[in-house]
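Report on the following structure.
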Amino acid sequence: AAGMFLRLLSDVRWRAANPKWRRMTCSRRSTSSTAEPHPVSLPAQAQVVICGGGIMGTSVAYHLSKMGWRDIVLLEQGRLAAGTTRFCAGIVSTARHVSVELKMADYSNKLYQQLEQETGVKTGYVKTGSISLAQTQDRLISLKRIASSLNVMGIPCEIITPKQVAQLHPLINIHDLVGAMYVPEDALVSSANVSLALATAASRNGVQIHERTSVSHVSVQKGRVTGVETDRGQIQCQYFVNCAGQWAYELGHSGEEPVNIPLHACEHFYLLTHPLKEPLASNLPTIVDPDGRIYIRNWQGGILSGGFEKNPKPLFTEGRNQLEIQNLQEDWDHFEPLLSALLRRMPDLEALQIMQLVNCPESFTPDMRCIMGESPTVRGYFVLAGMNSAGISYGGGAGKYLAEWMVNGYPSENVWPLDLKRFGTLQSSRTFLRHRVMEVMPLMCDLKVPRWDFQTGRQLRTSPLYDRLDAQGARWMEKHGFERVKYFVPPGKDLLDLDQSKTFYKPDWFDIVGSEVKCCKEAVCVIDMSSFTKFEISSTGDQALENLQYLFSNDLDVPVGHVVHTGMLNEKGGYENDCSIARLSKRSFFMISPTDQQVHCWAWLKNRLPNDSTLTMEDVTWKYTALNLIGPRAVDVLSELSYAPITPEHFPSLFCKEMSVGYANGIRVMSITHTGEPGFMLYIPIEYALHVYNEVMNMGQKYGIRNAGYYALRSLRIEKFFAFWGQDLDAFTTPMECGREFQVKLEKGMQFVGQEALLEQKQNGVYKRFTMFILEDHDTDMDLWPWWGEPIFRNGQYVGKTTSSAYSYTLERHVCLGFVQHFDEKTGEELVVTTDFINQGEYEIDIAGQRFQAKAKLYPFSSLFTHRRRKDEVELSGYQRE
Amino acid sequence: FYLTPPQVNSILKANEYSFKVPEFDGKNVSSVLGFDSNQLPANAPIEDRRSAATCLQTRGMLLGVFDGHAGCACAQAVSERLFYYIAVSLLPHETLLEIENAVESGRALLPILQWHKHPNDYFSKEASKLYFNSLRTYWQELIDLNSGETTDVKEALINAFKRLDNDISLEAQVGDPNSFLNYLVLRVAFSGATACVAHVDGVDLHIANTGDSRAMLGVQEEDGSWSAVNLSYDHNAQNEHEVERVKMEHPKSEEKSLVKQDRLLGLLMPFRAFGDVKFKWSIELQKRVVESGPDQLNDNEYTKFIPPNYHTPPYLTAEPEVIHHKLRPQDKFLVLATDGLWETMHRQDVARVVGEYLTGVHHQQPIAVGGYKVTLGQMHGLLTERRARISSVFEDQNAATHLIRHAVGNNEFGTVDHERLSKMLSLPEELARMYRDDITIIVVQFNSHVIGACQNEE
């Protein structure tokens, strides 16, 4: 009979107008006695179906309806805001490392602040501020970096002393602290109520909300969403939004056309206590003690404290519904280290009485960033999930960006770091996820230092040369599952252990990379760059050329054997991809893109190329091993191996030829190196990889050849002012803004995507400009190293942020690349950035609060000395992201 | 005064011994994987003894714990001799003949037992000849008696126990020309010892028990939890059957004086024991032996003292109660221990502690606060203790040591409290016996695979 009753209840349509809704949602487990069934059947169709009634689903519904979309149905398997949202700690914190995350959190904070006024629903919003504690100097540096970012965004924030901490919070033991960061505008909310407030507003705007309705799968036809199947019937729709939280992975895999959403839940514990004898003030700042791995906020006069333990417990959601997740067991033994940390931080709490240990599962992603955007395989299938336990902080902003994405076709910020398409099928193995989230969750509290690599889920994609290189001392990093060499440790030399090597200062590999760079400059080096994404596009007639001419900004109608650097732009002229395309024949093209473009670029082209059997596109990434021969002697090595003339007359820059190397035939040799140094890229069918590598190394011996890694490559490309996509370039950067007008066919009278936007920029000027900075008074040995994201100051005014940096062994200086904007001093309005504006300024780069003088440059050094080099020979491209 | 954890460990581990049954072809074909044993003295010197040996002429393994009283002489003698008596009782006629012929013709004897001894477990060199002669007399009688029937283990155990006790009694009555030996046999006879012996052969487990040591089987339930099955009955005043038995054996007139203050004749805790001729011999015999005995014996108030209400001896027997158990795959281990352990720990806790130790899995009840009033500090203390309990497992390489650590160091939460452990172990000799008894433990681990296979064959 009980089951019967439940089924009846599932027909209750959630309505804002229903005065009982608060009671229903507050006493979830006894709802059966208070709710009156109002069976409302599901609509047969809607424009948008959102699955998930947590903070994400309600935020998307809220923002979509605000933007004018009304035909929206939100489905929730259990009760609104009763999953992770209900149990989360309700801390709104803007202290984030990644810029777009910081912006989302800032927006969320501002949204929640006025939400109660807007909706009449009590959200429990209290501006308490937050204090992040540092027990070590390194932690303090990390906090200072965040503080710099917050300050230039206009978010009040200051670095304070332990004494000041004690003044702000009466219970804290400050004896082991070296400092702290205070963000006074951070807030606390009741997350379930925020979610209900968003639902209320959405509902008023016409969004239909149905509780106790589970989506079983999403129907897809011809690569587009057509509807959803639920346990209460079918709804036809054009858009589906998967906001199913920890169930998102499962839901993504439930349809015929699987959508990979790589996330995995872990159990997460926090403690609730009874009030203190003298109840804590409700506006007492929230404490984050990352070195103790805990957070502490006030809660109804007592405290709420949880953390991110070193040994997380992954959790399977398969076959578990919301109610089961709500009833997960407390595990005090597991919580013990966090309780110890809490009592060490606030010893006076010893006598405080325990109310409850809450087990609130959170979902984590492979790179600790949330997942947002449209599926690369199913159009109209959007995702917003995997919040890595920052759902409340991101909820508002993430919902807004996704709504913009759906309504406008793109969000108002660069969300590539969060884009679902940064992942592919390779990240969706359960085993991989399980292992990786066990690394990610503890990482929440670990120090975030430059050049950090994940240790789990490694050695998935490797080059055929992996073992050879590894035996020669290769140290590896991973990109999109592909192992790439950072540098080679010479025999007999030892580097620090992984944990000890974490530093914000000069790293232990400094001299190793220095000697690799030197070898690139003076002799020849070989770098395995097999991870790059490689597509072949060909057609029976001219379709390939015609279509590519429209989709790419540079002129691809070049003689066969030429290589063209070109952007793949969006309508706003921004880089969706930056690639090199070789014309193999009249009708076929070989396209090389950054490693992590494999999914995004494929989807972008698939969606825009005509569905025509005469035009084929193939992902040949796995078919070729790529060796980059860099250095002045590369030409000697190659000519000896191929018995073919390779001199610049026969093999000019930006050229592509199939030739034999050693015994192996059909090697695609291109005269590019992605660094501005002389040399060649060899694209080798994988079965020849070892042979060619051996031949190159043997032959190269007399020219002083050696292996090199990506760190050397990066140093070379940055000192040559090469931007690369994903790091410096993104969908919001145009060729005009980074000095690449020469890579755009504006004058050729051809239509291409982004043309109008570029023409307008050409006429009116640009609002930001890619600039190179040489640090002047920076001591490489003693000072903090720049990384990326450092604020740039011009004449004392904030003008932008760096996007990448490296030590230039040639200049013996640090080089930072970044964008300079021009804000009106009075109004803050963005003004056109001119060459004069760049050149006539005194610059400083802020590294963790310390400012270093810098010289700004708009052209690389090499071009000063090689005036006569033809413009189109100047390579201005580079790929990999750090 | 405070012992550091390493000091505590060195005390606890001083007597620990482990034996692993050797493998053949990488396989252990025995139903026993091995055993851990240990003992912790409270008396000085310790009065407990232990023995373990593999029968070489028959199959099976023998393990036993012996709790001496009124000195350690009897326990020592029983620990040296009992297994030979059992082994001989189990031998087939042909083997007995072969052995007798070898002795007769001065050839090398077939080895009967392979002992598994800790260096501290000693055998008396002086008495070995005497003991051997008694044993030889026993097997000669067995040869003469040749019943032609196959030996029943239960019967063999009972016979061996009774025969050894009889020999102890006789040797004391006869005396020995060597004054040292003469004194020794008297000390053996006038002191006492309980014995709890296990004989394991394939799936057949026999426990022969005399006195208040105890054998307990550790059984793993299907849900992984541990339960205890008793494989012996204590022979003491708490055992109604035993009290009944004693009363049956004596006239009704003595009914009231037989058991006083839970002791036999108001004196002896165990109701069955080896030695203790003061409860077995007639008053005349006792007086004669004491008077003709060496001066030391004569000066000893205890030996001269006749128990009150001593009318119809013997009051005490060494005859064991034998329990046969067919091992099942869920029977994971056997604990033999003297009463020093059972006084401090409930058998259910023993089963859990050993079971968790052996499997390395800790079925600690998860803590739930529920409606209780618990402060953060209390919870923290409790969690730290639970953590210590887990870590203490890894300190011990020996299940018996681990059990002793719990027996001595357990606090009210059932976790090992180092402070308590340190206090208990640093008690001066004269006080130690007041707080704890000698503890001797053997933990035998069974081979579930072999047992499962045997079971299937049957």
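General remarks:
- Farthest toward positive dipole pole in chain A [+1 Lys/Arg, -1 Asp/Glu at C-beta], among A:H175, A:Y710, A:A248: A:A248
- Distant-in-sequence amide H partners of A:L352 (H built 1.01 Å from N, under 5 Å): B:L376, B:G377
- Amide H contacts of B:S232 (H built 1.01 Å from N, under 5 Å, at least 5 apart or other chain): B:A215
- Charged side chains reduced to their Cβ positions (Lys and Arg at +1, Asp and Glu at -1) give chain A a dipole of some 1300 debye around its Cα centre.
- Approximating the spin labels as points 7 Å out from Cα along Cα→Cβ, the B:S282-to-A:R344 distance works out to 7.9 nm.
- Shape of the range A:766-858, Cα gyration tensor, a/c cut at 1.5: prolate
- Accessible area per residue for chain A is 38 Å², calculated with a 1.4 Å probe on protein heavy atoms, without ligands, DNA or RNA.
- At R0 = 51 Å, FRET efficiency that the Cβ-Cβ distance of B:R107 and B:E319 yields, to 0.05: 0.90
- Where B:S147, B:S169 fall by accessible area, highest first, once all protein chains stay in place (1.4 Å): B:S147, B:S169
- Sequence-separation-based contact order of chain B, relative, with Cα cut under 8 Å and 6+ spacing, percent: 24 percent
- Heavy atoms of A:T84 accessible to a 1.4 Å probe, total area in Å² rounded to 10: 40 Å²
- Peptide B:372-384, shielding by other chains (average Cβ, 10 Å cutoff): 6
- Cα gyration tensor, the range A:541-580 - rounded (a/c under 1.5), prolate or oblate: oblate
- Sequence of A:R468, A:R70, A:R232 from largest to smallest accessible area, 1.4 Å probe: A:R70, A:R468, A:R232
- Put A:E118, B:E98, A:E336 in order of accessible area, highest first, and with a 1.4 Å probe you get B:E98, A:E118, A:E336.
- Accessible surface for B:Y435 stands near 140 Å², nearest 10, in the context of the full protein assembly shown (1.4 Å probe).
- Backbone HN-Hα couplings from phi across the range B:162-167 [Karplus 6.51/-1.76/1.60, Hz, Gly and Pro as x]: 5, 5, 4, 5, 4, 4
- Each Cα pair under 8 Å and six or more residues apart adds its separation to the average, and for the range B:173-216 the resulting relative contact order is 28 percent.
- Share, in percent, of DSSP beta bridges within the protein assembly as shown that are antiparallel, nearest 5: 90 percent
- Shape of the protein assembly as shown, Cα gyration tensor, a/c cut at 1.5: prolate
- Rounded to whole numbers, the Karplus 3J(HN,Hα) couplings from phi for the range B:203-212 are 8, 8, 10, 10, 10, 10, 10, 10, x, 10 Hz, using 6.51 cos²θ - 1.76 cosθ + 1.60 with θ = phi - 60°, and x at Gly and Pro.
- For A:Y125, solvent-accessible area (1.4 Å; no DNA, RNA or ligand), Å²: 40 Å²
- Take every pair of alpha-carbon atoms less than 8 Å apart whose residues are at least six positions apart; their mean separation over the length of the range B:32-158 yields a relative contact order of 27 percent.
- Once backbone amide H atoms are built at 1.01 Å from N, A:W299 has A:L304 as its partners under 5 Å, excluding neighbours fewer than 5 places away on the same chain.
- The chymotrypsin sites (Phe, Trp or Tyr not before Pro) of the range B:294-378 that meet both conditions, a loop assignment by DSSP and at most 10 other Cβ atoms within 10 Å of the site Cβ, are B:Y372.
- The string of couplings for the range B:317-325 from the Karplus curve (6.51, -1.76, 1.60, θ = phi - 60°) is 9, 9, 4, x, 9, 10, 10, 9, 9 Hz, one whole number per residue in order, with x for Gly and Pro.
- With R₀ set to 22 Å, the beta-carbon distance separating A:N311 from A:R434 gives a calculated FRET efficiency near 0.95.
- Gap separating the Cα centres of the range A:684-737 and the range B:37-89, nearest whole Å: 77 Å
The values are calculated or read from the model by the stated rules, or taken from the named source; none is laboratory data. Since the structure is predicted, the reported quantities are computational estimates derived from the model, not experimental observations. Neighbour counts run over all protein chains shown; Cβ positions are idealised from the backbone, glycine included. With ligands, DNA and RNA removed, areas are computed over all heavy atoms of the protein, side chains included. Shrake-Rupley method; radii C 1.70, N 1.55, O 1.52, S 1.80 Å.
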